[in-house]
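J.: Sharing a structure below in structure tokens format, with a few things to ask.
Taken together, the values in this text are just the output of simple stated rules run on the coordinates, not laboratory data. Remember, it's a predicted structure, so these values are computed and weren't measured experimentally. Glycine also receives a Cβ, built like all others from the backbone with ideal geometry; neighbour counts cover every protein chain displayed.
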Amino acid sequence: MSSAGTDIGDYDIHARDIRRDAECFWARLRDEPGLARGQRYGGYWFVAKYKDMKEALLKHGIFASGAGITLPEAHNRSRHIPAEVDPPLHKGYRAVMQRTLTAEKVNALQPAVESIVRELFNGFRRLDQVEFFSAFARPLPVYVMLEFLGLPREDGAVIDALVVELHTEVATGKITGGAKRLTDYAGSVVDGRDRTSLGPDDDYVDKVLKG
């Protein structure tokens, strides 16, 4: 079923064919005079226009994230910090994280990001057809984040698969263990770090752990 002809209120973000004509559907949302409302998963608002997105992000008293940012609400994992924390706590978490998110640090990632992009493209360059989202758009941020966190790029395929499993758990409500395995991976990274003293070569994980 094409999403272009779907009634806005009945739109299902977890439908298998959700990407079919998705751009046409979002164009319809931008033509709506206000915020359109979906009725599934307990009800939610579509924010499709830039000015509305900016307002929603800035007015946390109206559009809060602390109760969760997934549809349906995730019961298979802990809250994502800082994405699922509201002010004033959000400000404190952001302050810790931003200490290493300097322009210099981010710009230094450019060669690694370019290498990752080439590597992903080379993985399907000889194919006649490719599902671009699963082959490139989804794994790219996984590999970039591993690079930024100072973790092995070789872990990318495993993490990408766990992210898919985690999202499937949230969408279906069926627990298959993806969330737990992803949590265990993060725990193993934390357990392997020295939290006693901050050195000049410490990466993002070290700095966050040491506050």
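J.: One-quarter of the Cα convex hull surface for the range 90-209, in nm²?
T.: Result: 9.6 nm².
J.: Out of (1) 20.0; (2) 17.3; (3) 18.1, which label holds the value of Kirkwood radius over Cα pairs in Å that was computed here?
T.: The value matching this structure is (1).
J.: Taking springs between alpha-carbon atoms closer than 10 angstrom, which of TYR50, TYR93, TYR41 fluctuates most in the Gaussian network model of the chain?
T.: Top of the fluctuation ranking is TYR50.
J.: If you take the square roots of the eigenvalues of the alpha-carbon gyration tensor of the range 81-145 and sort them as a ≥ b ≥ c, do you get rounded (a/c under 1.5), prolate (a/b over b/c) or oblate?
T.: In terms of gyration-tensor shape, oblate.
J.: Distance from a point 7 Å along Cα→Cβ of LEU209 to each backbone N in the range 152-183: keep the residues under 20 Å and list them by number.
T.: Counting backbone N atoms under 20 Å from the label point, the list is 152-156, 159, 181-183.
J.: Could you give me D for the range 1-60, from Stokes-Einstein at 10 °C and 1.306 mPa s, where the hydrodynamic radius is the Kirkwood radius over C-alpha pairs? Units µm² s⁻¹, please.
T.: This corresponds to a translational diffusion coefficient of 131 µm²/s.
J.: Continuing with the same structure: GNM, the chain, Cα, under 10 Å: largest mean-square fluctuation among ASP12, ASP128, ASP86?
T.: ASP128
J.: Going 7 Å from the Cα of ILE69 along its beta-carbon direction, which residues of the range 79-102 have the amide nitrogen within less than 14 Å of the resulting point?
T.: The answer is 79-87, 90-91, 93-94.
J.: Can you tell me which of GLU169, GLU55, GLU73 moves the most in a GNM of the chain? Springs connect C-alpha atoms under 10 Å apart.
T.: So, out of GLU169, GLU55, GLU73, the one fluctuating most is GLU55.
J.: For the modelled label position 7 Å from the Cα of SER115 along Cα-to-Cβ, which residues of the range 147-163 have backbone nitrogen atoms closer than 20 Å?
T.: Flagged as within label range: 147-160.
J.: How much net charge surrounds THR176 when only the other residues with a Cβ under 12 Å from the Cβ of THR176 are counted, with Lys and Arg +1 and Asp and Glu -1?
T.: +1
J.: Moving to a separate point now. Could you compute the FRET efficiency for HIS60 and THR102, with r as their C-beta to C-beta distance and R0 at 22 Å, rounded to 0.05?
T.: The formula returns an efficiency of 0.30 here.
J.: Compute the FRET efficiency between ARG153 and ALA22 as 1/(1 + (r/R0)^6), taking r as their Cβ-Cβ distance and R0 = 45 Å, and round to the nearest 0.05.
T.: Working from the Cβ atoms, E equals 0.90.
J.: Is the range 23-95 best put as rounded, prolate or oblate by its Cα gyration tensor, with a ≥ b ≥ c the root eigenvalues, rounded for a/c under 1.5, and otherwise prolate when a/b is larger than b/c, oblate when not?
T.: The shape class here is oblate.
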